[in-house]
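Visitor: This is the structure I have questions about; it appears just below.
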Amino acid sequence: MIPSSQTTRNDAPDVLIVGAGPIGIETAIELGRRDLRALVLDAGAIGQQILEFPPATRWFSSPERLSIGGIPFTTPSAEKGTREEYLAYLRQVVDACKVEVRTFQRVETIVPLADQSGHRVTSTSLSGLQHVIDVPTVVIATGGTARPRQLGIPGEDSPHVHRSIGEPHRFHGRRVLIIGGKNSACDAAVLAYRCGARVTLCHRGQAIHDRVKYWIKPELEAMLRSGQIEGCFGMVPLRIEPDGVVLRSLENDATRTVEVDDVLIAIGYESDQTLLQKTGVQLLGSEEAVEHNPLTMETNVPGMYVAGTVVAGTQAKFRVYIENSHVHARRIAAALSNSEAPPEPVYNDLPES
Ligand SMILES: Cc1cc2nc3c(=O)[nH]c(=O)nc-3n(C[C@H](O)[C@H](O)[C@H](O)COP(=O)(O)OP(=O)(O)OC[C@H]3O[C@@H](n4cnc5c(N)ncnc54)[C@H](O)[C@@H]3O)c2cc1C
């Protein structure tokens, strides 16, 4: 039988935070500064979403915009930071601020307590150990990028179809079709090419996206012009076969088959709002953005708050990043300590993201 454990009300924290991404961690820091004890549970490691970025991914945002809890994130080069530098920063911040985190602890359910004094949170560890904890307040900071978007075409689940470039070395000597026209796809095209792959980039638009990082766009465009990377623009994939992908022109419906060894689909992510749904939190529209009070970040479920990119669900209307989520942490801490809240979050696109 799987053992289980229960945290009693006496040793329970004031606030349980689901998600140890940058904003979940930042919320714990802000709460700690107001003498509120927070416990953070994460289904993976701290910064799990960032851990899943390909090696050496460079942030869009300047280091100061990614700093959490006012603790400077600096890089050796004073340039924009990498995945590895930011993960090291998160580890240091968690340790230095004594943030209480339990990693590899997936929250499965959150239900109201019968006496209305809070919530019962049930989580499961990697080894299957179940833990139950009763807390007055819960903050959901589960992010907005739970799974890659699907194309919905035959062959998408084949073993030679990848969702992240991972370690690009594996593409040496292979014919790789990359589907997408934004940062991840463009980044991957350049990396795979440099690792000795024969790369074809397929995008429904007539060119790569305008906002591709300035340190990738000119180089990739030059590679496309010179034919080092083949571009199939204004085309969409119809089906993926073991040795090729059938593409259709959006202009005239003509089809062509590109021979491939590997396919990389890099068309963005979707959120998973199941936990919020199960707890009765109101979700809006097809993107499943979270209905909440922007001054306090409280949802329609009393004592249940949201912070970070989870707020926008599968991002369509809003653009919520780390950059413009810091205020969520301060608002929640202000609301829970009855102190003055900082100004309302602004969800406009910011110059750097
Ligand atoms: C390639 C790439 C580049 C990016 N560049 C930038 C940039 O330059 N600037 C910027 O501001 N943003 C950028 N972003 C977006 C940024 O990474 C995310 O917005 C950021 O990680 C969001 O932080 P968060 O704390 O809201 O959520 P996340 O970092 O997504 O953290 C959510 C956490 O919740 C955990 N979790 C989920 N469900 C459960 C559960 N049921 N139980 C327990 N834990 C759970 C996850 O394991 C995860 O660790 C980028 C994203 C990508 C993919």
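Visitor: If Ser67 passes every condition in (1) more than 30 Å from Pro136 (Cα to Cα); (2) open to solvent by less than 40 Å² (accessible area, probe 1.4 Å); (3) without any contact (Cβ under 8 Å) to a residue 40 or more places away in the chain but one, which one does it miss?
Guide: (1)
Visitor: So, in the stretch 156-208, exactly how many residues are out of contact with any strand residue (DSSP E or B) (no Cβ under 8 Å at 6 or more places or on another chain) and within 20 Å of Phe233 (Cα to Cα)? First the steps, then the outcome.
Guide: First, pick out the residues of the stretch 156-208 that are out of contact with any strand residue (DSSP E or B) (no Cβ under 8 Å at 6 or more places or on another chain): 157, 159, 166-170, 172-173, 182-184, 187, 190-191, 194-196.
Of the ones still in play, those that are also within 20 Å of Phe233 (Cα to Cα) are 182-184, 187, 190-191.
Summing the residues that are out of contact with any strand residue (DSSP E or B) (no Cβ under 8 Å at 6 or more places or on another chain) and within 20 Å of Phe233 (Cα to Cα) in the stretch 156-208 gives 6.
Visitor: Kindly state which strands (runs of 3 or more DSSP E) lie completely within the stretch 124-240 and contain at least 2 residues that are in contact (Cβ under 8 Å) with a residue 60 or more places away in the chain and open to solvent by 20 Å² or more (accessible area, probe 1.4 Å). Working first, answer last.
Guide: Values: elements: 130-135, 137-140, 175-179, 198-203, 230-233.
Of the strands (runs of 3 or more DSSP E) lying wholly inside the stretch 124-240, those with at least 2 residues that are in contact (Cβ under 8 Å) with a residue 60 or more places away in the chain and open to solvent by 20 Å² or more (accessible area, probe 1.4 Å) span 130-135.
Yes or no, residue by residue, for (1) outside the structural domain of Val101 (by TED's automatic domain parsing); (2) modelled with pLDDT of 95 or more; (3) part of a loop (DSSP other than H, G, I, E, B); (4) within 7 Å of the ligand (Cβ to nearest atom):
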residue	(1), (2), (3), (4)
Asn10	no, no, no, no
Ile17	no, yes, no, no
Ala20	no, yes, yes, yes
Ile23	no, yes, no, yes
Thr27	no, yes, no, no
Glu30	no, yes, no, no
Gly44	no, yes, yes, yes
Ala56	no, no, yes, no
Glu64	no, no, no, no
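Visitor: Please go through the stretch 305-330 and pick out each residue that is buried (at least 17 other Cβ atoms within 10 Å of the Cβ) and more than 14 Å from the ligand (Cβ to nearest atom).
Guide: Narrowing the stretch 305-330 to residues buried (at least 17 other Cβ atoms within 10 Å of the Cβ): 305-315, 318, 320-330.
Passing the criteria: only Arg330.
Visitor: Going by the conditions given, is Pro294 modelled with pLDDT under 95, more than 16 Å from the chain's Cα centre (by Cα) and in a loop (DSSP other than H, G, I, E, B)? Don't jump to the end; show me each part of the working.
Guide: Details: modelled with pLDDT under 95: yes; more than 16 Å from the chain's Cα centre (by Cα): yes; in a loop (DSSP other than H, G, I, E, B): yes.
Answer is yes for this residue.
Visitor: Pairs, please: C-beta under 9 Å, at least 6 apart or cross-chain, first residue closer than 13 Å to Met304 by Cα and in the stretch 267-280, second within 9 Å of the ligand (Cβ to nearest atom) and in a helix (DSSP H, G or I)?
Guide: These pairs meet every condition: Leu276/Val310.
Visitor: Shifting gears a bit: Do we have Arg120 as in contact (Cβ under 8 Å) with a residue 60 or more places away in the chain and either over 30 Å from Ala266 (Cα atoms) or within 8 Å of the ligand (Cβ to nearest atom) (or both) here? Explain how you work it out, then say what you get.
Guide: Working: in contact (Cβ under 8 Å) with a residue 60 or more places away in the chain: no; either over 30 Å from Ala266 (Cα atoms) or within 8 Å of the ligand (Cβ to nearest atom) (or both): yes.
Answer is no for this residue.
The values are calculated or read from the model by the stated rules, or taken from the named source; none is laboratory data. Quick caveat, the model's predicted, so the values are computed rather than measured. Because the Cβ atoms are built from the backbone with ideal geometry, glycine has one as well, and the counts that use them run over all protein chains shown. For the accessible areas, the whole protein counts, side chains as well, though only heavy atoms, and no ligand, DNA or RNA atoms are used. Shrake-Rupley method; radii C 1.70, N 1.55, O 1.52, S 1.80 Å.
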